[in-house]
Amino acid sequence: MRQLNFPNAVESAADFFDRQFELSTIQQILKLPAQTPVVIQSERRIGKTSTLKVIIKWLEANPLCKVVRVPNIGSTLDEFVTEILEGICDAVGTNLHQAGLANEGEMYRLVSTNKFVRDVRKCLSGGQTFNFILCVDGFDGLLQSFDDRTTANKVRDLVLYLTEQTDLPLRFLLTMTRLTEQILKSYKSTFLHVAQLVALRPWSFEASCEFIG
């Protein structure tokens, strides 16, 4: 019988069970040169966070990758972009203040998308050879945490813009339980067309029996 770790997330591929196909699919997508966002989607307690953690461990073993963990709790767009910029700066050994992007102890202020892109490039000046994987565990929860739909839509649109309209070495790796209104009703379902969706299904009866042993 296997050692159960429930409800804690698995962090090692050796402890993972019956997700080899999904892990391989995500790894193959992340190896492609396109900056396609990857969305790991399933119901609760099916293994999204475990899958994300195992993939992060795999990414961190690659010297050309830098993993940025973006919290899934926010109240403003400024807070979201600050988390991204701080994560990138930290990965290359600096901070927002040293990069001249914010006063010490203060958040970054989003003036325009184009300026944000220029500021991201400024942060990346010390790590141009890296690929940055921006991980959000519970992207749907992040979108729903904002006080108004407008902010949630702006976060979604910023992710799409960074993915489709820039050549920044950034890629989003997201988990979601629900396909929220912002995702389903984005213009012409653009988000679902751009992203690669990897769905986790509940184990079959046979797989459950094999796990229990």
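This table checks each residue for (1) of a type in the set (Gly, Ala, Ser); (2) farther than 18 Å from GLY100 by Cα; (3) in contact with a Pro (Cβ under 9 Å, 6 or more places away or on another chain).
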| site | (1), (2), (3) |
| --- | --- |
| PHE116 | no, no, no |
| ASP119 | no, no, no |
| ALA152 | yes, yes, no |
| GLN165 | no, yes, no |
Exercise. Say we look at the range 69-101 and pick out the residues that are more than 15 Å from LEU158 (Cβ to Cβ) and of a type in the set (A, V, I, L, M, F, W, C); which of these is surrounded by the most Cβ atoms within 10 Å (Cβ to Cβ)?
Worked result: CYS89
Exercise. Is the range 44-63 home to any residue that is part of a loop (DSSP other than H, G, I, E, B), under 16 Å from the mean Cα position of the chain (by Cα) and surrounded by 19 or more Cβ atoms within 10 Å (Cβ to Cβ)?
Worked result: yes
Seminar exercise, completed: Expected output for the range 80-109 (first residue touching a residue at least 60 places away in the same chain (Cβ under 8 Å), partner not hydrophobic (A, V, I, L, M, F, W, C), Cβ below 6 Å, 6+ apart or cross-chain) is PHE80/GLY74; VAL81/TYR108
Seminar exercise, completed: If we keep only residues of the range 88-145 that are in a helix (DSSP H, G or I) and small (Gly, Ala, Ser), then the residue nearest to the chain's Cα centre (by Cα) is GLY141
Exercise. What is the residue count in the range 157-174 for residues that are more than 15 Å from VAL120 (Cβ to Cβ) and buried (at least 21 other Cβ atoms within 10 Å of the Cβ)?
Worked result: 2
Seminar exercise, completed: Scanning the range 64-109 for residues that are touching a strand residue (DSSP E or B) at 6+ places or on another chain (Cβ under 9 Å) and small (Gly, Ala, Ser), the one nearest to LEU174 (Cα to Cα) turns out to be GLY87
Exercise. Mind checking whether some residue in the range 103-116 is of a type in the set (Ser, Thr, Tyr), surrounded by fewer than 19 Cβ atoms within 10 Å (Cβ to Cβ), modelled with pLDDT of 90 or more and out of contact with any Leu (no Cβ under 8 Å at 6 or more places or on another chain)?
Worked result: yes
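Yes/no matrix, rows are residues, columns are (1) at pLDDT below 90; (2) touching a helix residue (DSSP H, G or I) at 6+ places or on another chain (Cβ under 7 Å); (3) surrounded by 14 or more Cβ atoms within 10 Å (Cβ to Cβ):
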{"residue": "GLY127", "(1), (2), (3)": "yes, yes, yes"}
{"residue": "PHE139", "(1), (2), (3)": "no, no, yes"}
{"residue": "ASP148", "(1), (2), (3)": "yes, no, no"}
{"residue": "THR151", "(1), (2), (3)": "no, yes, yes"}
{"residue": "THR180", "(1), (2), (3)": "yes, yes, yes"}
{"residue": "SER189", "(1), (2), (3)": "yes, no, no"}
{"residue": "ARG201", "(1), (2), (3)": "yes, no, no"}
Problem set entry | Every residue from the range 80-115 that is of a type in the set (Lys, Arg) and under 26 Å from GLY141 (Cα atoms) | ARG109
For this session: Report the residue count in the range 18-35 for those that are modelled with pLDDT under 90 and surrounded by 14 or more Cβ atoms within 10 Å (Cβ to Cβ).
Result: 3
Seminar exercise, completed: Being farther than 29 Å from SER50 by Cα, part of a helix (DSSP H, G or I) and polar (S, T, N, Q) narrows THR150, THR163 down to just THR150
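The values are calculated or read from the model by the stated rules, or taken from the named source; none is laboratory data. Predicted model only: the values in this text are computed from it and were never measured. So basically every Cβ, Gly included, is an ideal-geometry build from the backbone, and we count neighbours across all protein chains shown.
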